[in-house]
Amino acid sequence: VSQSRYGFFPAKSQARRELFSSLKQTGMTTVAYESVHRIQDCLKGLQDILPNRQMVLAKELTKLHESFIAGRAEELTAWLAADSARCRGEFVLLIAPAERAQKTELIDVDRLLSLLKPHLPPKTVSSIVSEYSGQSKKEIYQMLLDQADSPK
């Protein structure tokens, strides 16, 4: 699974907003720590910029009271607000990649395959198109095989 690790998100709100905006089309899961003092601001920023993105908030990892909550930023914010004790501790936030449907609308994978396959070996084509589209190499390779099997 491809992932992007950030350590802690930026403390300044403008830098955080810019980073969150850059996640709109990423095909990777984003993993970051967040401090108890900034978790609510972080989730509010994510709610504004990535309102429908699925996330997991992990609290107190590897500790006795470890907990996980999954949902959109709005749902995670409500969960924290429901009990002040939930706002204590250490947090790890996992943000799902952009929906594949959003990415593939922007990329004509079949056309890209058709353009590259006469010039490169199938494994190389699969790697390039996978990296570009966010689809798995295995899916892309199968598409190449399907194109080869289909009559022209």
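The values are calculated or read from the model by the stated rules, or taken from the named source; none is laboratory data. Small disclaimer: the values here were computed from a predicted structure and weren't measured. A quick note on method: Cβ atoms are made from the backbone with ideal geometry, for glycine too, and the neighbour counts reach across all protein chains shown. Note: areas computed on protein heavy atoms with side chains; ligands, DNA, RNA excluded. Shrake-Rupley method; radii C 1.70, N 1.55, O 1.52, S 1.80 Å.
Annotations
- Some residue of segment 119-128 being among the hydrophobic types (A, V, I, L, M, F, W, C), in contact with a Leu (Cβ under 8 Å, 6 or more places away or on another chain) and closer than 30 Å to residue 16 by Cβ: no
- Check on residue 16, open to solvent by less than 30 Å² (accessible area, probe 1.4 Å), touching a Gly at 6+ places or on another chain (Cβ under 7 Å) and either closer than 14 Å to residue 95 by Cβ or without any contact (Cβ under 8 Å) to a residue 12 or more places away in the chain (or both): yes
- Selection status of residue 32, open to solvent by less than 80 Å² (accessible area, probe 1.4 Å), without any contact (Cβ under 8 Å) to a residue 40 or more places away in the chain and not β-branched (Val, Ile, Thr): no
- Some residue of segment 117-128 being open to solvent by 70 Å² or more (accessible area, probe 1.4 Å), free of Cβ contacts under 8 Å to residues at least 60 places away in the same chain, part of a strand (DSSP E or B) and not aliphatic (A, V, I, L, M): no
- Close pairs (8 angstrom Cβ cut-off, 6 or more residues apart or separate chains): over 17 Å from residue 42 (Cα atoms) in segment 56-76, exposed (fewer than 14 other Cβ atoms within 10 Å of the Cβ) anywhere: 60/66; 60/67
- Against the list (1) open to solvent by less than 80 Å² (accessible area, probe 1.4 Å); (2) over 12 Å from residue 96 (Cβ atoms), the condition residue 8 fails is (1).
Here's the yes/no breakdown for (1) open to solvent by 30 Å² or more (accessible area, probe 1.4 Å); (2) more than 21 Å from residue 11 (Cβ to Cβ); (3) β-branched (Val, Ile, Thr); (4) in a helix (DSSP H, G or I):
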site: 27; (1), (2), (3), (4): yes, yes, no, no
site: 36; (1), (2), (3), (4): yes, no, yes, no
site: 44; (1), (2), (3), (4): yes, no, no, yes
site: 47; (1), (2), (3), (4): yes, no, no, yes
site: 51; (1), (2), (3), (4): yes, yes, no, no
site: 57; (1), (2), (3), (4): no, no, no, no
site: 61; (1), (2), (3), (4): yes, yes, no, no
site: 65; (1), (2), (3), (4): yes, yes, no, no
site: 70; (1), (2), (3), (4): yes, yes, no, no
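- Considering only residues in segment 129-152 that are open to solvent by 60 Å² or more (accessible area, probe 1.4 Å) and among the hydrophobic types (A, V, I, L, M, F, W, C), the one that is farthest from residue 27 (Cα to Cα) turns out to be 148.
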